[in-house]
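These notes are about the structure you will find just below.
Derivation of every value follows stated rules applied to the coordinates shown; laboratory data play no part. Only a predicted model underlies this, so the values are computations on that prediction, with no experimental measurement involved. FYI the Cβ positions are ideal-geometry reconstructions off the backbone, even for glycines, and counts take in every protein chain you see.
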Amino acid sequence: MKDFTKYLSKIRTHEERETLQEEINLVRQALYKTSTPFEEVLSLKLRSWVSEELTRDLVNLDTEQRNAYLSQLSEFLNSLTEISLSVSRELSQTGTQRVSDWVRENLNKESLLKLEIEPSVLGGVILVYGGFYCDFSLRKKIEDFFAQEKNEILKILDSQKA
Amino acid sequence: MLVSSEILFYGLTLISISLSFLVIALVILFVRSIASYHKLKEEKDKLQANAVQLSQQILEEAQSKSEKIIVEARTKAAEILKTATIFTKDERENLNAGFAKATLGYIEEYRNILEGTKAQTLQILNNVSKDVKDQAGAGVSEMRQAITAEIEKAQVSLTQTFRLSFEKIDKELALYKDAKIKRINESVFEILKKATQNILGKSLNMSEHEDLILNSLEEAKKKVIER
């Protein structure tokens, strides 16, 4: 297996992997077609960074070797572990990068973020990883606070009765 | 609230039944008084009839007695007249005068008997009226007392029933009020929680939002994953 880790810096989320897989499929299909030449697909139908990387890696290979390379790349992408994160809203590019970096550094080096947007989370994150369900959302924190302080709050409300 | 309505309903039903019994008792009492009045009236009529009969009897006796006296006097006079030839003129005059005197005496006696009978009859009649009046008055007074007593009893019973009902309703209202306030407080608590969630959730900017995610991940790592 070749070293595909250089792709990891560009692939941080489940969606980004799916997009790259579609591009790899386009290239693989073009290997055996005469109507749409392989070079044309590489230069025109892929994102620039994908085109650059694949051109560099495939330029000296024959068709069969190219196919094998693309197949291995696809397998590598599929082997990445998905780590599910529920957040209240979309993250910025920087934010996605920061979270991805943290996850790869602290949990799994070869992982992808599967971000789910759940406004009811309010803030923070619900992490599902390796059999763990970790609800560290703002909603949970507020609920815990109110559950813990319920009697005290009700006492205050009750004192307003008179 | 439903329980209060039921108590009120049962209370009113109990009161209605009590009042019905009271009315029935009063009607029975009234019917008895009327019957007593009729009985007394009959007795009065009977006594009155007896008195009239008695006075009639006395009158008849007096008349019979006087007639007998007069007949006796006449017989005696006739006997005297038969032997009148042997009397002198003066003696005849004396005899006539005596006879007139005797007649006047008998008339006077007869008048006295009649007057006595009349007075006696009037006395009997007066006594009968008075007895009837007294007995009827006593009956009415007794009935009035019974009615008054029953009304007082009903008033006491009603007052007590109402007081107990109101006390029970007051207690239930207090319980209902407490439960309602508890429910309102629970609702306020939930509203407060939702408001807090909304305010805190919306108050985060993008940078704070992402920082909070990273902090939460750190917390998850320390508290769950590394444990």
Worksheet entry | Inter-label distance, nm, simple model (7 Å from Cα along the C-beta direction), B:GLU115/A:THR5 | 16.3
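Sorting B:LEU164, B:LEU204 on the 10 Å Cβ count, fewest up front, what's the list?
Result, fewest neighbours first: B:LEU164, B:LEU204.
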Worksheet item: Hey, rough spin-label estimate for B:ALA25 and B:GLU172, points 7 angstrom out along Cα→Cβ, what's it come to in nanometres?
Response: 2.8
Worksheet item: Using 1/(1 + (r/R0)^6) with R0 = 35 angstrom and r between the beta carbons of B:LYS76 and B:ASN50, what's the FRET efficiency to the nearest 0.05?
Response: 0.35
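Among B:SER203, A:SER74, rank each residue by its count of other Cβ atoms within 10 Å, from fewest to most, as a rough exposure measure.
Values: B:SER203 9, A:SER74 16.
So the residues, fewest neighbours to most, are B:SER203, A:SER74.
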Item to complete: Scan around A:THR81 for amide H atoms under 5 Å from its own, H built in the peptide plane at 1.01 Å from N, and keep only partners 5 or more places away or cross-chain.
Response: A:SER111, A:LEU112
Response to the item:
Among B:ALA77, B:ILE7, B:LEU95, the residue whose Cα sits farthest towards the positive end of the charge dipole of chain B, when +1 is placed on the Cβ of each Lys and Arg and -1 on the Cβ of each Asp and Glu, is B:ILE7
Worksheet, complete the sentence: Asserting the computed 222 nm helical MRE of chain A (DSSP H runs at least 4 long, -39500 (n - 2.57) per run, divided by residue count, to nearest 500) equals -18000 deg cm²/dmol
Worksheet item: Ordered by residue, what ³J(HN,Hα) values in Hz, to whole numbers, does the stretch A:94-100 give under the Karplus form 6.51 cos²θ - 1.76 cosθ + 1.60, where θ = phi - 60° and Gly and Pro are x?
Response: 4, x, 4, 5, 4, 5, 4
Worksheet item: R0 = 56 Å: FRET efficiency of B:LYS89 with B:LYS130, Cβ-based, nearest 0.05?
Response: 0.35
Item to complete: Please give the calculated 222 nm ellipticity per residue for chain B, where each DSSP H segment of at least 4 residues contributes -39500 (n - 2.57) and the sum is spread over every residue; nearest 500 deg cm²/dmol?
Response: -35500 deg cm²/dmol
Worksheet entry | Local electrostatic count, B:GLN123, Cβ distance below 14 Å [Lys/Arg +1, Asp/Glu -1] | 0
Discussion item. Give me the extension gain from B:LYS101 to B:GLU152: residue separation times 0.36 nm, minus the current Cα-Cα distance, reported in nm with one decimal.
Written reply: 10.8 nm
Response to the item:
FRET efficiency (B:GLN145, B:SER5; Cβ distance; R0 45 Å; to 0.05) is 0.70
